[in-house]
Every structure is written in C-alpha cells, then in structure tokens.
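To start, the structure under review is shown below, and the notes come after it.
The values are calculated or read from the model by the stated rules, or taken from the named source; none is laboratory data. Just so it is clear, the structure is predicted and the values come from calculations on it, not from any experiment. Cβ sites come from the backbone with ideal geometry, for glycine too, and all protein chains shown count toward neighbours.
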Amino acid sequence: MIPSSAARRAVAILAAGLACAWLVVAATPASAQSHHPHHHHHGHHVIFVGQAKTDRHHDHGGRHHNSCRRPDFNKIADAVAAARPGSTIVVCPGVYAEDVLVNKPLRLIGLHATIDATGLENAMQVVSSDVSVRGFNFVNANGEGLLVGVDTAADAKLLPKSVVLSHVLVDHVRAVNNDRGFNGTEKGNCKYPGDCGGGIHLNVTSWSAVRNSFVARNADGILLTDDYGPASHNLIDRNIVNDNPTECGIVLPSHNPAAVNFDKKTFAVISRNPTKGGIYDNVVSNNVALRNGTAKAPPQFGGGGSGSGLGLFGSGPGTGVYDNLIVHNFAAGNGLAGLAIHAHHPGGEDINGNRIVDNKFGTNNLGGDPFDGPPGPSDFKTTGIAVFSVPPATMVIAHNLIVRNKIGIWLSKTVKAIGLRTNRFLHVRFPVVVG
C-alpha cells in the first residue's frame, strides 16, 4: 500500500529526530549539553491514531500497513494502552477530546494534532521516564496542558517506584489557554493548589527538557517544581512564553520544605538535601518571555504584578532553588521584574549559587513588586532584575543587558552579586539599587 502524505511526514520526522539529536549536541554549549535527555527505547513498533475508520489489518508476514488513512485507533489513550514500551505513536491531524495518561516509555508524535481538554483536568499527563512528546497542541484544560509527574497526593500511585521521572523530552509543542479552573484569586477548581499549575509543568524530573515550544494564555507558562522530590539537571531551551497574565512566564519555585536543613531559631541554612528536594543544576536558556504576570496580584499578596518573565522562588523555610544557570534569555513587558528571585520571611531558604548571565531585559516590573510588604522594602519602579532575600545569599549576575527601566538591578542588602560591573545599562536611571 502507498503510505499517505501524513504517514510519509511521520517517517520524515522520525528520521529528522535522529539527525537532530546529533545536531543539537554539536550546536549546544558544553555547559548545557549534559542536560539533554537520552531516551532508551525498547522497540520500533509504530501505531497510528487518526479520525478515519480504523483498520487493524496485518498481512500474512505480520507487516503493519496502517497509516493516517487507516489508523489503528481513534483515541490516543487507546493507543497508549495497547502500545509496547518503546513504541512510537503517531497522532494524525485532528482534534482529540481527551485527557491522555502516558504511563510507559513511548515516543508520541503529533502531526498537527490538537488535544482539546475542555472540561477535563489535563490534556496529557506523563508518569513514566523515557518519554518524548513532540508536535502537539494542548488546549483548554481545566488544569494543566502537559503535566509530567503528579499534582496531587491522591495520584502518587501513578508514579513508578522511583518518583523522580527522567529523560522526558517535550519538543515543538503548543500549550495554550489551559489552567481554565483558575479564576485569578488563588482559589481554583483544579487539582494543583493555588493556580492550577502551568501550560507545561515538570514536577520532580531530572535530565529532562522542554524545547522549541510556544506557551501562552495559561496561569504559569512553563513550571518546574520539586513538590515531592528534587528537580535537577533539566533544560528549558528556545521556548516562547508570552501572555500568561496571572503568573510567571518560566518559573522555578521550590515548594519542598525538606530541600535544605535550617536552624529553627535563626532560620540560617545549614545544609542541603538534594535527594529529598530542591531545584538545582537546571539550565534556562535562549527563551523569550513577554507580557507575563500583567494582571494585578490578589490583595493577600500585596497587589502589584502577578508574575515575572523568569522566576526563581523559595516559598518558605526548608525550600531551595540554587546553582541554576539562566543564560541568553530575553524578557520584557512582564508584571514583575524580567528576572525575579525571592526568598521570603522568616528565612530558611537557599537561593545561593544561581548564575544570571548574558541575558537581555527590556522594560519590566510594570505592576511593581511589594516583596514581603510593609514595613519591609518594595519596588514599584520598572526594573530589569530584582533579587529579594531575607537570608544572606550569593550569586552571579554578570554580562546582562538591561534597557529602558528606572532601575536596572534591585538587590536586598543581604545579597552579594558577583559580576555587577560587567552588566550594561541603556536608558536606565539607577543601574543598581540596594534596598
């Protein structure tokens, strides 16, 4: 049988994926190469999902004849259930009303395929290592467009024995108009507490990547968290993350109170627990983050902007987001600073060792940042980079270009920033402010 044009494109994508695996390593700086996931697939079985009439015919030699014109299944979830680990599932053009659970190593390729999760929790949820997802549109989920991991303790049973998922690749996807259960007041009707999560959410992953994707009109754009284990050695690269109005564009918030040990009296950080939690050794590179967090924050959060273009946040004692590299990104028009780093009262958070280098920031902090609110400091002037920390913190902020802000870099008195003199400022009234 002559394959359909969509099937020929699927074969081309498979071949291109193998070729690009070499090209990416060649084109990526050495500092980020190790963050690319390496997949270990066990077979080459290809399953087609489409909206045409299904045909499970095989010839006498056992060769598979199906394609987008003769798909194996009409539902993605049915294909996942039937697939052997290591199989490739090609999803043909069309709109699929599903909440797909991927619970085994698979390669999923969407050919202009949209998963419309209207009224459903997520469009797709991955709870296995060694999974790649490419070419899908994830739209209209009540919760998250694409969730890797789980977002509620009730779903912990879905995870493998090792709760840290590794080698998950998300490439060339669109996550748009998700987190529909969030009403802007931190009270939503979805599983993930607070804001329903993100367009793309990696919760407790390692050696995984989100690349070449477009994320817009969600709560958070791309979210990397450590709720029940560490999030480390991940790569967030070459994504466009725009117009997520109620939260941040790309955000790394540590939620895990076991990430670091701290003195219960002074709240000084004593040591790290990298096997229990923390967000560390991740690379966020070559992304664009525009007009995120522009809605006014709820009153209980002091008003101001709702989110930054790029964010690294400790959320309370015992949390840690440290030793991450933020490089070659561009952020402008965001409600908080282009890059915001927070470690709040009473302390006990670790934000040390982060490196913010070679980024470009346009006008940001359009809504202002109250930090922890009065009587402490606040920043309601346009600002490129803002680092607010109750505990002492040391990090690198170097070789960035900041343009058209009242304040270039705002720092708490507790923050030691290495490389400040190497940053460039154009049309900035106050290059560095210590508050």
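Tabulated results
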{"read-out": "Criterion violated by L147 - all others in (1) under 19 Å from W207 (Cα atoms); (2) surrounded by fewer than 19 Cβ atoms within 10 Å (Cβ to Cβ) satisfied", "value": "(2)"}
{"read-out": "Among the residues listed as L223, L252, the single one being of a type in the set (A, V, I, L, M), touching a Pro at 6+ places or on another chain (Cβ under 9 Å) and farther than 17 Å from G348 by Cα", "value": "L223"}
{"read-out": "Candidates S285, S389, filtered to the one that is crowded, with 18+ Cβ neighbours inside 10 Å and in contact with a Gly (Cβ under 9 Å, 6 or more places away or on another chain)", "value": "S389"}
{"read-out": "Search result, residues across the stretch 237-253 that are of a type in the set (A, V, I, L, M, F, W, C) and either in a loop (DSSP other than H, G, I, E, B) or modelled with pLDDT under 95 (or both)", "value": "C248"}
{"read-out": "Candidate set from the stretch 181-209 (those that are on the phi > 0 side of the Ramachandran plot and not charged (D, E, K, R)); member that is surrounded by the most Cβ atoms within 10 Å (Cβ to Cβ)", "value": "G197"}
{"read-out": "Filter pass, R404 being assigned to a strand (DSSP E or B) and either at pLDDT 95 or above or not acidic (D, E) (or both)", "value": "yes"}
{"read-out": "Boolean, I270 is surrounded by 17 or more Cβ atoms within 10 Å (Cβ to Cβ) and not in a loop (DSSP other than H, G, I, E, B)", "value": "no"}
{"read-out": "Any hit, the stretch 130-140, residues being small (G, A, S) and farther than 28 Å from R69 by Cα", "value": "no"}
{"read-out": "Yes/no for H342 being under 13 Å from A386 (Cβ atoms), of a type outside the set (G, A, S) and at pLDDT 95 or above", "value": "yes"}
{"read-out": "Residue check for E121: more than 23 Å from R211 (Cβ to Cβ), touching a residue at least 60 places away in the same chain (Cβ under 8 Å), out of contact with any Leu (no Cβ under 7 Å at 6 or more places or on another chain) and in a loop (DSSP other than H, G, I, E, B)", "value": "yes"}
{"read-out": "Single condition G384 does not satisfy, out of (1) buried (at least 21 other Cβ atoms within 10 Å of the Cβ); (2) out of contact with any strand residue (DSSP E or B) (no Cβ under 8 Å at 6 or more places or on another chain)", "value": "(2)"}
{"read-out": "Test for L159: is it closer than 26 Å to R84 by Cα, aliphatic (A, V, I, L, M) and free of Cβ contacts under 8 Å to residues at least 40 places away in the same chain", "value": "yes"}
{"read-out": "Residue within the stretch 157-173 that is part of a loop (DSSP other than H, G, I, E, B), out of contact with any Phe, Trp or Tyr (no Cβ under 7 Å at 6 or more places or on another chain) and within 26 Å of G307 (Cα to Cα) present", "value": "yes"}
{"read-out": "Lone qualifier among R84, R63 - being basic (K, R), out of contact with any Phe, Trp or Tyr (no Cβ under 9 Å at 6 or more places or on another chain) and modelled with pLDDT of 95 or more", "value": "R84"}
{"read-out": "The stretch 130-144 - residue that is small (G, A, S) and either farther than 19 Å from V90 by Cα or modelled with pLDDT under 95 (or both) and, of those, surrounded by the most Cβ atoms within 10 Å (Cβ to Cβ)", "value": "A141"}
{"read-out": "Residues located in the stretch 62-105, provided they are touching a residue at least 60 places away in the same chain (Cβ under 8 Å) and either part of a strand (DSSP E or B) or not basic (K, R) (or both)", "value": "H65, S67, C68, T88, V90, C92, P93, P105"}
{"read-out": "Within the stretch 328-381, tally of residues that are assigned to a loop (DSSP other than H, G, I, E, B) and more than 19 Å from the chain's Cα centre (by Cα)", "value": "28"}
{"read-out": "Whichever residue in the stretch 210-233 is hydroxyl-bearing (S, T, Y) and in a loop (DSSP other than H, G, I, E, B) and, among such residues, is surrounded by the most Cβ atoms within 10 Å (Cβ to Cβ)", "value": "S213"}
{"read-out": "From the options N256, N292, residue that is more than 22 Å from L401 (Cα to Cα), assigned to a loop (DSSP other than H, G, I, E, B), modelled with pLDDT of 95 or more and in contact with an Asp or Glu (Cβ under 9 Å, 6 or more places away or on another chain)", "value": "N256"}
{"read-out": "Qualifying residue in the stretch 313-323 (condition: aliphatic (A, V, I, L, M), within 24 Å of A156 (Cα to Cα) and either in contact with an Asp or Glu (Cβ under 6 Å, 6 or more places away or on another chain) or not in a loop (DSSP other than H, G, I, E, B) (or both))", "value": "yes"}
{"read-out": "Residue that is among the aliphatic types (A, V, I, L, M), within 18 Å of W207 (Cα to Cα) and free of Cβ contacts under 8 Å to residues at least 60 places away in the same chain, where the choices are L252, L224", "value": "L224"}
{"read-out": "Hits in the stretch 207-224 (condition: out of contact with any Asp or Glu (no Cβ under 9 Å at 6 or more places or on another chain) and hydroxyl-bearing (S, T, Y))", "value": "S208"}
{"read-out": "Tally of residues being more than 15 Å from R174 (Cβ to Cβ) and either at pLDDT below 95 or aliphatic (A, V, I, L, M) (or both) across the stretch 94-118", "value": "5"}
